[in-house]
Amino acid sequence: MAWPLIGREAELRHVAEALAGGTAGGVVIAGSAGVGKTRLAREAAELAAARGDAIEWARATRAAASIPLGAFGALLPATPR
């Protein structure tokens, strides 16, 4: 069981409204390290999944930084060799 999300209601509502409006294909949550981006994203993903939306995760890492769009590599299908 996750701890309740406290003090981020406005941000979560903003994300939920963007997704519910039908004009956004997704959202980007950005900020400094340790501000709660992942926690907010998990809450938003739970709301979207409950509505039947497809959920995918992409995370920027130092390892993928040198590869254009490297954060999305895990979302691509494997190609036969």
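The values are calculated or read from the model by the stated rules, or taken from the named source; none is laboratory data. This structure is a prediction, so every number in the text was calculated from the model and none was measured. Neighbour counts are summed over all protein chains in view; Cβ atoms, including those assigned to glycine, are modelled from backbone coordinates with ideal geometry. Accessible surface is based on the protein model in full, side chains and every heavy atom, while ligands, DNA and RNA are left aside. Shrake-Rupley method; radii C 1.70, N 1.55, O 1.52, S 1.80 Å.
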When the helix-only estimate is applied to the chain (DSSP H runs of n ≥ 4, each -39,500 (n - 2.57), divided by the residue count), what is the mean residue ellipticity at 222 nm, nearest 500 deg cm²/dmol? -10000 deg cm²/dmol
Dipole size in debye (nearest 20) for the chain around its Cα centre, Lys and Arg Cβ +1, Asp and Glu Cβ -1? 340 debye
Tilt, helix 9-20 to longest principal axis of the chain (alpha-carbon atoms), in degrees rounded to tens, equals 60 degrees
First compute the accessible area of the chain with a 1.4 Å probe, then give the percent of it belonging to carbon and sulfur atoms. 60 percent
Using the Karplus curve 6.51 cos²θ - 1.76 cosθ + 1.60 with θ = phi - 60°, what ³J(HN,Hα) values do you get for each residue of the range 54-59, in whole Hz, with x for Gly and Pro? 6, 10, 9, 10, 10, 10
Would you tally the net charge around Gly25, using a Cβ to Cβ cut-off of less than 13 Å, leaving Gly25 out, and scoring K and R as +1, D and E as -1? -2
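If R₀ is 25 angstrom, what is the calculated FRET efficiency for the pair His14 and Ala78, using the beta carbon separation as r and rounding to 0.05?
0.10
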How large is the accessible surface per residue of the chain, computed with a 1.4 Å probe and reported in Å² as a whole number? 82 Å²
From largest to smallest, what semi-axes in whole angstrom does the chain give when each is the square root of 5 times an eigenvalue of its alpha carbon gyration tensor? 25, 17, 12
